[in-house]
1. Exactly one condition in (1) farther than 18 Å from residue B:118 by Cβ; (2) in contact with a Gly (Cβ under 7 Å, 6 or more places away or on another chain); (3) not hydroxyl-bearing (Ser, Thr, Tyr) is not met by residue B:39; state its number.
2. Of all the residues that make up region B:96-106, how many are out of contact with any helix residue (DSSP H, G or I) (no Cβ under 7 Å at 6 or more places or on another chain), crowded, with 18+ Cβ neighbours inside 10 Å and touching a residue at least 40 places away in the same chain (Cβ under 8 Å)?
3. Among the residues of region B:19-33, is any within 14 Å of another protein chain (Cβ to nearest Cβ) and under 14 Å from residue B:148 (Cα atoms)?
4. Filter region A:87-107 down to the residues that are out of contact with any strand residue (DSSP E or B) (no Cβ under 9 Å at 6 or more places or on another chain) and of a type in the set (Val, Ile, Thr), then identify the one that is surrounded by the most Cβ atoms within 10 Å (Cβ to Cβ).
5. Condition check: touching a Pro at 6+ places or on another chain (Cβ under 8 Å), closer than 21 Å to residue A:50 by Cβ and within 14 Å of another protein chain (Cβ to nearest Cβ). Does residue B:133 satisfy that?
6. For region A:50-79, enumerate the residues that are away from chain B (no Cβ under 11 Å) and either surrounded by fewer than 17 Cβ atoms within 10 Å (Cβ to Cβ) or hydroxyl-bearing (Ser, Thr, Tyr) (or both).
7. Could you count how many residues in region B:121-130 are in contact with a helix residue (DSSP H, G or I) (Cβ under 7 Å, 6 or more places away or on another chain) and within 20 Å of residue B:93 (Cβ to Cβ)?
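The values are calculated or read from the model by the stated rules, or taken from the named source; none is laboratory data. Please read these numbers as outputs of a predicted model, since none were measured by experiment. Every residue, glycine among them, receives a Cβ derived from its backbone with ideal geometry; neighbour counts consider all protein chains shown.
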Amino acid sequence: MKKIVLCLFLLIQSVHAEIEVYQFTSPELELRYQSLTEELRCLVCQNQNIADSHAELAQDLRRKVYEMLSSGQSNAQIIDYMTERYGDFVLYRPPFNARTILLWFTPVLALLIGALGFMSILNRRETNADEQLSQNELARIKELLYLKSNKK
Amino acid sequence: MRLRFILPLMAFLVMVVFLGIGLKLDPHDVPSPLINKPAPVFTLPQLHAPQKTFSPADMAGKVWLLNVWASWCVSCRQEHVYLTEFARDGSINLMGLNYKDEPAAAMQWLERLGNPYKISISDIDGMAGLDWGVYGVPETFIIDKKGIVRHKQTGPVDPTILQTIIMPLIEQLNRES
């Protein structure tokens, strides 16, 4: 029993050790810290930002962001620092350039293709509806309806 | 009418090609923006002689390798035997950046498994590693005579990588003035 309790305690300790607390001189600085760490990607667990990640690298990157903020650097300077070292990959909001043009335009392109397809279907339907029935067809309809009502 | 069948088939084939390419890509191999840029500056104590420091500027005029490693890193152990073999004749300037490690544990590791490095550098808090864009040890950088980073190998090296990528590049850089 003692061992179990001890294990639980150790577990709690290790969970606490992963979250570091930073003191900010102003609430505005803290907000900038939060938004920056949410926008930077952790390169170890690539689908997490550095605010959410427990990876050691994410901890180091958070520390770096904190240090740079505390020394009065702008958001742009911090983003530049990160991309100079880790590339555009570190950004969750990729910049607009030659390499990412496909990434940015594919949704628009897909929407256009879909809209064109949709319009061509609508067009086809309209032309079908516009078709007038010929005299023969009208006569045939009357005949069928007449037959039906007579049968009753 | 035939278009109705051909179009979805084409769309499907395009998707297959893209997904196929996606399968071959390694998302962990992030291209380093440091390539063809000056090596980031640091001055850090040497592992075996903490009173002495090492800085990339010390290597000016030489082609050298910076291998980022740690005693806690499993893949480092995997590549260690190949690096040791590679650096055996002493003609290669292989430096080790001991990343976020305990110096005592690191020295013990080198004693037990052999030391391929001319100098090992202690980067205890990992801030130099951060400057070099290190995100997963082991990583190996090749720096030319002018102090420009020319190549980065992410992940453990093996004999194939050493013989087909790293060695030819070192020879090429040695010929450059």
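1. So residue B:39 meets the others, but not (1).
2. Selection size over region B:96-106: 2.
3. Yes - at least one qualifying residue is present in region B:19-33.
4. Going residue by residue through region A:87-107, those that are out of contact with any strand residue (DSSP E or B) (no Cβ under 9 Å at 6 or more places or on another chain) are A:87-88, A:93-107.
This time we only want the ones that are of a type in the set (Val, Ile, Thr), so: A:100-101, A:106.
Working: A:100: 12, A:101: 10, A:106: 10.
Here the answer is A:100.
5. The answer is yes for residue B:133.
6. A:52, A:53, A:54, A:66, A:70, A:71, A:72, A:73, A:74, A:75, A:76, A:77
7. Going through region B:121-130, the residues in contact with a helix residue (DSSP H, G or I) (Cβ under 7 Å, 6 or more places away or on another chain) turn out to be B:122-123, B:126, B:130.
Subsequent filtering for residues that are within 20 Å of residue B:93 (Cβ to Cβ) retains B:122-123.
Count: 2.
Each row is one residue, and each column tells you yes or no for (1) more than 14 Å from chain A (Cβ to nearest Cβ); (2) more than 30 Å from residue A:67 (Cα to Cα); (3) in contact with a helix residue (DSSP H, G or I) (Cβ under 6 Å, 6 or more places away or on another chain); (4) surrounded by 22 or more Cβ atoms within 10 Å (Cβ to Cβ).
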| site | (1), (2), (3), (4) |
| --- | --- |
| B:148 | yes, no, no, no |
| B:152 | no, no, no, no |
| B:160 | yes, yes, no, no |
| B:167 | yes, yes, no, no |
| B:176 | yes, yes, no, no |
